[in-house]
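The values are calculated or read from the model by the stated rules, or taken from the named source; none is laboratory data. The shown structure was predicted, so the numbers you read here are calculated from the model rather than taken from an experiment. All Cβ positions, even for glycine, are placed from backbone atoms using ideal geometry, and neighbour counts span all protein chains on display.
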Amino acid sequence: MESLENKRLLWDKLVEQEWFKEEVTVEKTQALFESLLKEVNCQELSLEEKNKQFLDQWMKQLESASLVARSEWLEERMNQKKYKQPPTMNELTEIKQLLYRILELLE
């Protein structure tokens, strides 16, 4: 599963499906790719089943990484504005949406 050929196959599939998040850095995306690859490779499955498992898990893990990145960005923004002015309605709405997405992932 960890052969260069299979990694290319999986990466190309992710690119083809546009299964990336712009708020997750390239470095974090690559690290997630490698760690998920190792995690799935430990399972007693055929290569085809491992690849399917990888793709199934990819979006869930990427969504989590996206929420973390978005939360960090919002926290940084809030700290910058902390003593200047209260959060805008758009920022509060964004925080609320993030909280809902986090709760959905926890269920």
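Among the residues of the stretch 67-80, write down those that are in contact (Cβ under 8 Å) with a residue 40 or more places away in the chain and surrounded by 14 or more Cβ atoms within 10 Å (Cβ to Cβ). Break it down into steps so the answer makes sense when it comes.
Of the residues in the stretch 67-80, the ones in contact (Cβ under 8 Å) with a residue 40 or more places away in the chain are 69-70, 73.
If the condition is that a residue be in contact (Cβ under 8 Å) with a residue 40 or more places away in the chain and surrounded by 14 or more Cβ atoms within 10 Å (Cβ to Cβ), then A69, R70 are the ones that fit.
One line per residue, one yes/no per condition, for (1) closer than 30 Å to M1 by Cβ; (2) surrounded by 14 or more Cβ atoms within 10 Å (Cβ to Cβ); (3) among the aromatic types (F, W, Y); (4) modelled with pLDDT of 90 or more:
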| position | (1), (2), (3), (4) |
| --- | --- |
| V24 | yes, yes, no, no |
| Q30 | yes, no, no, yes |
| K52 | yes, no, no, yes |
| W58 | yes, yes, yes, yes |
| A65 | yes, yes, no, no |
| K82 | no, no, no, no |
| M89 | no, no, no, no |
| T93 | no, no, no, no |
task: Write out, first by first residue and then by second, each pair whose Cβ atoms fall under 6 Å of each other, whose residues are 6+ apart or on separate chains, and whose first residue, in the stretch 2-24, is free of Cβ contacts under 8 Å to residues at least 24 places away in the same chain while the second is among the hydrophobic types (A, V, I, L, M, F, W, C) and surrounded by 11 or more Cβ atoms within 10 Å (Cβ to Cβ).
output: none
task: With respect to L37, determine if the residue is touching a helix residue (DSSP H, G or I) at 6+ places or on another chain (Cβ under 9 Å) and either surrounded by 11 or more Cβ atoms within 10 Å (Cβ to Cβ) or not hydrophobic (A, V, I, L, M, F, W, C) (or both).
output: yes
message: Just the residues that are free of Cβ contacts under 8 Å to residues at least 24 places away in the same chain and among the aliphatic types (A, V, I, L, M), please, taken from the stretch 26-45.
response: V26, A31, L45
